[in-house]
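Quick notes on the structure that follows.
The values are calculated or read from the model by the stated rules, or taken from the named source; none is laboratory data. The structure displayed is predicted, hence computed values, not measured ones. Virtual Cβ from ideal backbone geometry, glycine too; neighbours counted across all protein chains shown.
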Amino acid sequence: MSNNIQLVGPLVRLFLGLIALTGITAFANQAQAETDTINAVASFSILADIIAVVGGEHVTVTSIVGPDSDAHVYSPTVSDARAVAAADIIIINGLGFEGWISDLIAAAEASAPVITATEAIVPLLIEGEPDPHAWNALANATHYAASIAAGLSALAPKYADNFAANAAGFEAEIDTLFAEASARFDALPEGRRTIVTGHDAFGYFEAQFGLRFLAPLGVNTESEPSARELAALIQQIREQAVVGLFVENITNPDLVNQIAAETGLRIGGRLYSDALSVRGGPATSYLSMMRHNIDALLKALE
Ligand code: ZN
């Protein structure tokens, strides 16, 4: 309910900004005809990178939510509406990750096809609700790439072979990384498999490598834990063999720092959960993000 109230401000601003939008879509379509490049809009940075990899030279990608930013609680802007209105294709994660996206697309009166990258994925359920962080399983990223390749190919069939080849190259890199990582995670003793991080973004990650993640925040980042919930988590951490604490790039590190102070556990580093790093950081692409998270975790656990 509080969500709807928060949305009123941004949406009013959106509608006002949209009055100035007439003609932009026509201009964008003309520009596409001239340059022959597909203008894709992604909802968040991790997805934008996979689109750029699959699309290659035939696609330019704009990400609505940028690096190091939290897509769970994002408020769209007028320039987002402009980007969505001018898009040739809009690609989203789905599974309830971008709660604001339908309103944005409706407000922008966007006519581009909307592709849901997780469409072929059977989601993990948390208390009956789908866990949206499906990209955190390497195998799922191949489904993302396949959905993206299919969406782009429907728009530009003459490049379908390029998109398929790019997706296949991406899948080969994923397979190599998965084989390397699972050999190392498999070798961990049972008592060195539990980690604490900021929010429940790693359900798919733990399922693929046999780990256990605990977090003070749930699958969404919207609500803070109560003092009692936090005390229960700290009690659980004391009773279980927690090896490492990790802060995240998109959530406030205060809760994890507080847990470190109360349990005496060390902060093992930073994980990139829901967004890439800004340029110059260690996680500027999907594959470098997964490699960074895998290496950071193994450094603490091995
Ligand atoms: Zn998240």
Could you list all residues from the stretch 88-114 that are under 20 Å from the mean Cα position of the chain (by Cα) and crowded, with 21+ Cβ neighbours inside 10 Å? Ile89, Ile90, Ile91, Ile92, Asn93, Gly94, Phe97, Glu98, Trp100, Ile101, Leu104, Ile105
Here the qualifying pairs (Cβ atoms under 6 Å; residues six or more apart or on different chains; first in the stretch 193-213 and over 12 Å from Leu297 (Cβ atoms) and in contact (Cβ under 8 Å) with a residue 12 or more places away in the chain; second within 12 Å of the ligand (Cβ to nearest atom) and polar (S, T, N, Q)) come out as Gly198/Thr251; His199/Thr221; His199/Thr251; Ala201/Ser273; Tyr204/Asn136
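Hey, any hits in the stretch 114-130 for a residue that's without any contact (Cβ under 8 Å) to a residue 60 or more places away in the chain, assigned by TED's automatic domain parsing to the domain that holds Glu57 and acidic (Asp, Glu)?
Yes: the stretch 114-130 contains one or more residues that are without any contact (Cβ under 8 Å) to a residue 60 or more places away in the chain, assigned by TED's automatic domain parsing to the domain that holds Glu57 and acidic (Asp, Glu).
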Among Ser182, Ser273, Ser277, Ser223, which is the only one that is among the hydroxyl-bearing types (Ser, Thr, Tyr) and modelled with pLDDT under 95? Ser223
Those residues of the stretch 79-100 which are hydrophobic (A, V, I, L, M, F, W, C) and either within 16 Å of the ligand (Cβ to nearest atom) or outside any strand (DSSP E or B) (or both) amount to Ala81, Ala83, Val84, Ala85, Ala86, Ala87, Ile92, Leu95, Phe97, Trp100
Expected output for the stretch 41-63 (first residue not assigned by TED's automatic domain parsing to the domain that holds Leu287, partner outside any strand (DSSP E or B) and at pLDDT below 95, Cβ below 6 Å, 6+ apart or cross-chain) is none
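Can you find a residue that is within 15 Å of the ligand (Cβ to nearest atom), under 27 Å from Ala141 (Cβ atoms) and buried (at least 19 other Cβ atoms within 10 Å of the Cβ) anywhere in the stretch 226-244? Break it down stepwise before answering.
From the stretch 226-244, those within 15 Å of the ligand (Cβ to nearest atom) are none; that's our starting set.
No, because not a single residue in the stretch 226-244 is within 15 Å of the ligand (Cβ to nearest atom), under 27 Å from Ala141 (Cβ atoms) and buried (at least 19 other Cβ atoms within 10 Å of the Cβ).
Taking the conditions exactly as written (closer than 30 Å to Ala145 by Cα and more than 16 Å from the ligand (Cβ to nearest atom)), does Arg266 satisfy them or not?
Values: closer than 30 Å to Ala145 by Cα: no; more than 16 Å from the ligand (Cβ to nearest atom): yes.
Taking the combined requirement at face value, the residue does not satisfy it.
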Filter the stretch 90-109 for residues that are in contact with a strand residue (DSSP E or B) (Cβ under 8 Å, 6 or more places away or on another chain) and in contact (Cβ under 8 Å) with a residue 24 or more places away in the chain and give the result. Ile90, Ile91, Ile92, Asn93, Gly94, Leu95, Gly96, Phe97, Glu98, Ile101, Leu104
Residues in the stretch 285-295: is at least one assigned by TED's automatic domain parsing to the domain that holds Ala232, within 16 Å of the ligand (Cβ to nearest atom) and of a type in the set (D, E, K, R)? no
State whether one or more residues within the stretch 101-114 are more than 16 Å from the ligand (Cβ to nearest atom) and of a type in the set (S, T, N, Q). yes
Looking at Ala172, Ala156, can you tell me which residue is more than 26 Å from Arg270 (Cβ to Cβ), more than 16 Å from the ligand (Cβ to nearest atom) and either in contact (Cβ under 8 Å) with a residue 40 or more places away in the chain or buried (at least 17 other Cβ atoms within 10 Å of the Cβ) (or both)? Ala156
